[in-house]
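Contents: one structure, followed by commentary.
The values are calculated or read from the model by the stated rules, or taken from the named source; none is laboratory data. In this text the structure is predicted, and so the values were computed from the model without any measurement. Cβ placement follows ideal geometry from the backbone for every residue including glycine, while neighbour counts extend to all protein chains displayed. For accessibility, only protein heavy atoms count, side chains too; no ligands or nucleic acids. Shrake-Rupley method; radii C 1.70, N 1.55, O 1.52, S 1.80 Å.
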Amino acid sequence: MTEVPTNVIQRVLSGLGRFSLMVAEVLRSLTTQRLSGRDLVDQLHFIGVKSQMVVLVTGAFTGMVLCAQTYFQFHKVKMDTATLAVVSVSMCGELGPVLTALMVAGRVGASMAAQLGTMRVTEQIDALRTLATHPIDYLVVPRVVATMIAVPLLTAESIAVGILAAYLVGVHLLQIDPGYSLVNMQRFTDHRDVLMGFIKSFIFGGIIATTGCYKGIHCGQGAEGVGHATTEAVVYASIAILISNFFLTLLLTRLLALI
Amino acid sequence: MIKVRQLRKRFGDQQVLDGVDLTIEKGESLVIIGRSGGGKSVLLKHIVGLTPPDSGQVLVDGQDIAHLNERALLAVRRKFGMLFQSAALFDSLTVEENIAFVLSRERNHTPEEISRRVAEALEMVEMPGVQKKKPAELSGGMRKRVGLARAIIYRPEVVFYDEPTTGLDPVVSDSIDKLIVRVCERLKVTTVVITHDMRSMQAVGRRVAMLHHGRIYTSGTPVELMASADPVVSRFVRGISDEKEHTF
């Protein structure tokens, strides 16, 4: 009976150890090796450009539903013109970064784990090593850097589209006064909300890429191993994003209050 | 050039390598034979530093590589070229990009030089004109030839072949054997071939070492092994199963 928990703890600890070693190797590679511009651009295209549709749809409909829900509540207490302010603050600090990161984790994190996992089971990663190339330099670093650049940009896009969609719904569908709404939105949304979203999305990008790459590089044998790696990459990245979001909100709120 | 001393490796309950001692001399053509699942590929992965041993040494030009970290191993592996059993071509790259992989990353070669050397390597493996194809468009034998071109383009000192004829028909297998001999003679490289194909062993080996129960059981010329009266060797080279022993 005691063996099972011990094995689970051992597995979790050894997994965390391997993950930490991989992250340390990524940092070492970033400081000592030259990053290939072509590899970075390829990854930016895959992560950034090809995620456009997913991120735009997510941002737009999140903004729209948030606007409608907020309006229905605020209308009861005659606070209609505060609706867009709530949408704006929520989209910048919480919903924009978190929902964008979750969507990118589903699309990009899974893809990274599947690509690298397949390379592992078909000995392509061993082949890389025999060709005097460190898999971290060639496979992981471009993906991590590209994701940490792309996710903040996608988040900015998602926030902008979400607020625009909320404005259209609020003003044209729900008949909220546009002038007061815009004034309130600007009054209650400041640069700290935007900065918080930017910092969070940067960290979430790192979580998505390192989790996806780690699961791919350390995946089990065969199609089953690749399948597990892909699923775990998405699940673990999503959980890590949601948990870290809570702590980041607490930490960043205090830190940004000093600015 | 390469010395393996008392190499041991265990996976779970299975002792795969149990004190392997082996010396590979510069310029020789060595074939390592043994039963499927007997640890031949594991031994090869230890020699090129892809797998760390539980104990023992792998000396490459006097340097023990068994416990070097991955970055230190990269420099050692520059001396090696390896053809994998599945060829292990990068499926997202074209044939040309696969073969030019190492040269492209060195950044001190012009595109013209890289193109010329890729064409030369493809010429050597008798596959001219396939530069723009993707690995998925190639047959098993063609993939192995491209894999070999990728392994030799940077002029390694030792070329390792992991079961180069497995999964190929006899005619293609024979052509791969002849290719291995030709590459060995033209580039003057040390050649190490892992196989359980006796025709291949006789075609490419100048010396043969047999791995059995995790150790080098015997070694000699292909002729000596084929004529051996030792029951273990004799049964293996003639392909005769022992009813008392599980053969799967």
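Worth pointing out:
- Per the listing B:Val95, B:Val76, the residue uniquely more than 17 Å from B:Asp162 (Cβ to Cβ), more than 8 Å from chain A (Cβ to nearest Cβ) and modelled with pLDDT of 95 or more is B:Val95.
- Only one of A:Glu224, A:Glu232 that is more than 21 Å from the chain's Cα centre (by Cα) and open to solvent by 60 Å² or more (accessible area, probe 1.4 Å): A:Glu224
- For the range B:69-91, a residue qualifies if it is open to solvent by less than 50 Å² (accessible area, probe 1.4 Å) and over 10 Å from A:Ala132 (Cβ atoms), and the qualifying residues are B:Glu70, B:Ala72, B:Gly81, B:Met82, B:Leu83, B:Phe84, B:Ala87, B:Ala88, B:Leu89, B:Phe90.
- When each of B:Arg150, B:Arg155 is tested for being closer than 19 Å to B:Ile194 by Cα and of a type in the set (D, E, K, R), the lone residue that passes is B:Arg150.
- Identity of the residue in the range A:128-137, outside any helix (DSSP H, G or I) and among the aliphatic types (A, V, I, L, M), that ends up least open to solvent (accessible area, probe 1.4 Å): A:Leu131
- Qualifying residue in the range B:165-186 (condition: in contact with a Phe, Trp or Tyr (Cβ under 6 Å, 6 or more places away or on another chain) and at negative phi): no
- Taking the range B:28-63 as the range and being charged (D, E, K, R) and open to solvent by less than 50 Å² (accessible area, probe 1.4 Å) as the test, the residues that pass are B:Glu28, B:Lys40, B:Lys45.
- For the range B:42-73, filtering for residues that are assigned to a loop (DSSP other than H, G, I, E, B) and either within 24 Å of B:Pro164 (Cβ to Cβ) or facing another protein chain (nearest Cβ under 8 Å) (or both) leaves 5.
- Selection of the range B:98-111 for residues being open to solvent by less than 60 Å² (accessible area, probe 1.4 Å) and either hydrophobic (A, V, I, L, M, F, W, C) or within 14 Å of another protein chain (Cβ to nearest Cβ) (or both) yields B:Asn98, B:Ile99, B:Ala100, B:Phe101, B:Val102, B:Leu103.
- Qualifying positions in the range B:112-147 - within 13 Å of chain A (Cβ to nearest Cβ) and open to solvent by 30 Å² or more (accessible area, probe 1.4 Å): B:Ala136, B:Arg143
- Once the range A:108-127 is narrowed to residues that are among the hydroxyl-bearing types (Ser, Thr, Tyr) and in a helix (DSSP H, G or I), the residue that is least open to solvent (accessible area, probe 1.4 Å) is A:Ser111.
- Lone unmet requirement of (1) open to solvent by less than 30 Å² (accessible area, probe 1.4 Å); (2) among the small types (Gly, Ala, Ser); (3) closer than 24 Å to A:Val141 by Cβ for A:Ala240: (1)
- Residues in the range A:201-254 that are aliphatic (A, V, I, L, M) and within 21 Å of A:Gln124 (Cβ to Cβ): A:Ala209, A:Ile217, A:Ala223, A:Val226, A:Ala229, A:Ala233.
- Residue match in the range B:98-107 (condition: within 29 Å of B:His46 (Cα to Cα), in a loop (DSSP other than H, G, I, E, B) and more than 16 Å from the chain's Cα centre (by Cα)): yes
- Residue check, B:Thr218 β-branched (Val, Ile, Thr), assigned to a strand (DSSP E or B) and more than 19 Å from B:Lys26 (Cβ to Cβ): yes
- Among residues of the range B:31-41, those that are more than 12 Å from chain A (Cβ to nearest Cβ) and polar (S, T, N, Q), counted: 1
- Residue match in the range B:152-162 (condition: under 23 Å from A:Gln124 (Cα atoms), assigned to a helix (DSSP H, G or I), among the hydrophobic types (A, V, I, L, M, F, W, C) and open to solvent by less than 30 Å² (accessible area, probe 1.4 Å)): yes
- Single unsatisfied condition, A:Thr31 versus (1) in contact (Cβ under 8 Å) with a residue 60 or more places away in the chain; (2) closer than 19 Å to A:Phe202 by Cβ: (1)
So that you can scan it fast, the table gives a plain yes or no per residue for (1) buried (at least 17 other Cβ atoms within 10 Å of the Cβ); (2) under 15 Å from the mean Cα position of the chain (by Cα); (3) under 18 Å from B:Val158 (Cα atoms):
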site: B:Lys188; (1), (2), (3): no, no, yes
site: B:Thr195; (1), (2), (3): yes, yes, yes
site: B:Gln202; (1), (2), (3): yes, no, no
site: B:Arg207; (1), (2), (3): yes, yes, yes
site: B:His213; (1), (2), (3): no, no, no
site: B:Ile216; (1), (2), (3): yes, no, no
site: B:Thr221; (1), (2), (3): no, no, no
